[in-house]
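The values are calculated or read from the model by the stated rules, or taken from the named source; none is laboratory data. Only a predicted model underlies this, so the values are computations on that prediction, with no experimental measurement involved. For neighbour counting, all protein chains shown are included, and Cβ atoms are generated from backbone atoms with ideal geometry for every residue, glycine included.
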Amino acid sequence: MTKDKPSSRPSLAVFPGSFDPITNGHLDIVERGLHVFDRVRTAILINPEKKPLFSIDERVKLIRDTYADEPRVEIDTFSGLLVDYAEKVGATVIIRGIRAISDFEFEFQMALMNRRLNPAIETVFMMPAESYSYVSSRLVKEVFQLGGRVSDLVPPVVERRLCEVYGSPIPPDPASGSRGKP
Ligand code: PNS
């Protein structure tokens with residue numbers, strides 16, 4: 001047992017992803033992360049091989065606007081190995097969301113590979129609310145593009161940006177802050 005050790009908890013966790021765009025499922029995970037860690041840093045992977053809808057700068061802005069009133073949520077981008085990035089910024093924890101069993105296999109492989117690459121960094125899996133278990137950035141884009149409603153699935157700033165990108169009528173500014181209700 002480590003009874004002589006002063007109790008401490010990792011203060012910074014990295015929440016990596018593509019965030020193209022950030023959804024309410026991501027927000028739910030960030031919220032849960034803030035219950036356990038002092039700060040959660042959303043880290044957007046710069047991946048030249050992917051063709052995202054939103055540029056890196058746009059994705060950063062969408063997250064920044066979403067968390068304009070939450071200083072404990074940080075936003076950054078990274079390229080290269082995730083564990084190298086986490087080490088560089090002083091994070092010992094990586095947060096990943098698991099929505100369903102189908103997510104698990106890939107996430108498990110990634111967590112074990114990351115552990116092999118850097119055993120000092122722990123992956124923590126968090127489950128979003130069941131209501132987000134089917135929400136993904138890919139489906140949100142597809143549904144919106146085909147005329148479906150995504151208001152409850154993404155923060156208002158993202159919905160507005162989707163409207164601009166796809167030339168749909170822009171919904172009125174929400175009276176209640178910048179964050180969607182997770
Ligand atoms: O939102 P996503 O697309 O599921 O996020 C995937 C991400 C960014 C977490 C993953 O692709 C990643 O960490 N890439 C960085 C490169 C890396 O470290 N690869 C080895 C992981 S085992």
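Observations, loosely collected:
- Of all the criteria given as (1) modelled with pLDDT of 95 or more; (2) over 15 Å from the mean Cα position of the chain (by Cα); (3) more than 10 Å from the ligand (Cβ to nearest atom), the one not satisfied by E49 is (1).
- Within region 51-161, helices (runs of 4 or more DSSP H) holding 2 or more residues that are among the polar types (S, T, N, Q) and in contact with a Phe, Trp or Tyr (Cβ under 9 Å, 6 or more places away or on another chain): 137-145
- Cβ pairs under 7 Å, 6+ apart, first in region 108-121 and over 17 Å from G17 (Cβ atoms), second near the ligand (Cβ under 7 Å from one of its atoms): L117/L81; L117/V83; N118/V83
- A residue that is more than 10 Å from the ligand (Cβ to nearest atom) and part of a helix (DSSP H, G or I) occurs somewhere in region 35-46.
- Taken over region 65-94, the criterion of being under 22 Å from V157 (Cβ atoms) and among the β-branched types (V, I, T) is satisfied by T66, V73, I75, T77.
- The residue that is farthest from H26 (Cα to Cα), among those in region 36-83 that are surrounded by fewer than 14 Cβ atoms within 10 Å (Cβ to Cβ) and of a type in the set (D, E), is E49.
- Those residues of region 122-149 which are free of Cβ contacts under 8 Å to residues at least 24 places away in the same chain and under 16 Å from the mean Cα position of the chain (by Cα), in sequence order: R138, L139
- Looking across region 96-122, the residues that are in contact with a strand residue (DSSP E or B) (Cβ under 8 Å, 6 or more places away or on another chain) and either of a type in the set (D, E) or within 10 Å of the ligand (Cβ to nearest atom) (or both) come down to R96, G97, D103, E107, M110, A111, N114, R115, E122.
- Filtered by the rule that a residue be among the β-branched types (V, I, T), more than 27 Å from N118 (Cα to Cα) and more than 14 Å from the ligand (Cβ to nearest atom), region 61-91 gives a lone residue, T66.
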